[in-house]
Amino acid sequence: MRCAGYIRKRLILMVFVLFGVTIVIFSMVRVLPGDPAFIILGERATEQKAADLREQLGLNRPLPEQYWLFVSGLVQGKMGTSLMFRQPVSELVLSRVPISIALAVYAMALAAVITLAFGLLAAANKGRWIDQLIRIIFLFVLTTPVFWFGILMILLFALGLKWFPVAGFGDTLPEHIWYLFLPALTLALQLSAILIRNLRGQIILIMRSDFVRTAQAKGLTERMVLLRHVLRNALLSTVTIFGLQFGFLMGGTLVIETVFAVPGMGQLLFTSITSRDYPVVQAITVVSAVLVIIVNLAVDLSYSFLDPRVTYE
């Protein structure tokens, strides 16, 4: 019951967060330079044609009225009509959401494996050459812009070694996994660079605890102590950072989809921003915000599994 009450409170807070998101994104897209009417008409644009198109698309209405139509449409499950594609925004966005979610989940799974493997390895070999090597490599990854790191991955593994396709998404499930591996690995390495440093530090700190010395005095092997007693306690802060970084992961996903030509929300967002397609930009932002909120809620609920002492009073 306490957990259910906690979830109910978080869902209520979610409404206020989304309300704030709608205000921010509605305001930001309106201050972008450029007239959507002229961009849509292209070389055929004239002042009269642009005025007629603005009237047709409702861009001449007062901003408060446009915002009310945007918010009321969201409440009703309607996201409006795309200015550029002339299609319902819900169809455009929701058809690409599964692809972006699949890429994000793929990246998170790879990041979890990489973090556990190299975090444990670095902590177990504190101060040795392998620890220093892991820290240097992931420091380089951390300081590299995600789009440039993605281009390096394409040059090395796609064009150079020809192990993976340069871009695309594939047609079958095995092809989806194969095509998305490079973009997912690019995101996972960037995320792991932060998580490994935290997990390594937490493991080293917890290894000095009294309960660890007690477990060692009982005759448990170092491997048993590390995996059964130390790791579970060390993961608490790492899981917290993992949840906080999901927002940045979604932002990276939108960029990486453009680099690797993955037909997800990122590619659609880039096209919509350049064409000033306000309804599509607003819808993608709101959907991304909902995904971030849901993941952070799931991370908060996972604390009780990692540490039974955590309650939701």
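Using a Förster distance of 45 angstrom, determine the FRET efficiency expected from the C-beta separation of Leu205 and Arg86, and round it to 0.05. Kindly include the intermediate steps, with their values, before the conclusion.
Details: r = 58 Å, r/R0 = 1.28.
Efficiency at R0 = 45 Å is approximately 0.20.
On average, how much accessible surface per residue is there in the stretch 128-258, in Å², for a 1.4 Å probe, leaving out ligands, DNA and RNA? Could you put the intermediate results ahead of the total?
Working: 7100 Å² over 131 residues.
Normalised by residue count, the accessible surface of the stretch 128-258 is 54 Å².
Taking each residue as 0.36 nm, the span from Arg223 to Gln132 lengthens on full extension beyond its C-alpha to C-alpha distance by 30.6 nm. Only one residue of Ile256, Ser275, Phe242 has its Cα farthest out toward the positive end of the dipole of the stretch 182-298, where Lys and Arg carry +1 and Asp and Glu -1 on Cβ, and that residue is Phe242. When the Cα convex hull of the stretch 118-176 is projected onto planes of every orientation, the mean area is 5.8 nm². Residue ranges 172-179, 282-289, 244-251, 143-150 sort as 282-289, 244-251, 143-150, 172-179 when ordered by packing (mean number of other C-beta atoms within 10 Å per residue, highest first). Here the accessible area of the stretch 82-234 is 68 percent carbon and sulfur, with a 1.4 angstrom probe and all protein chains present. Close amide H contacts of Thr81 (hydrogens built in the peptide plane, cut-off under 5 Å, sequence separation of 5 or more or a different chain): Val89.
The values are calculated or read from the model by the stated rules, or taken from the named source; none is laboratory data. Because the structure is predicted, anything quoted here is derived from the model rather than measured. All Cβ positions, glycine included, derive from the backbone under ideal geometry; neighbour counts span all protein chains shown. Ligands, DNA and RNA are stripped out before the accessible areas are found, and what is left, the full protein with its side chains, is counted by its heavy atoms. Shrake-Rupley method; radii C 1.70, N 1.55, O 1.52, S 1.80 Å.
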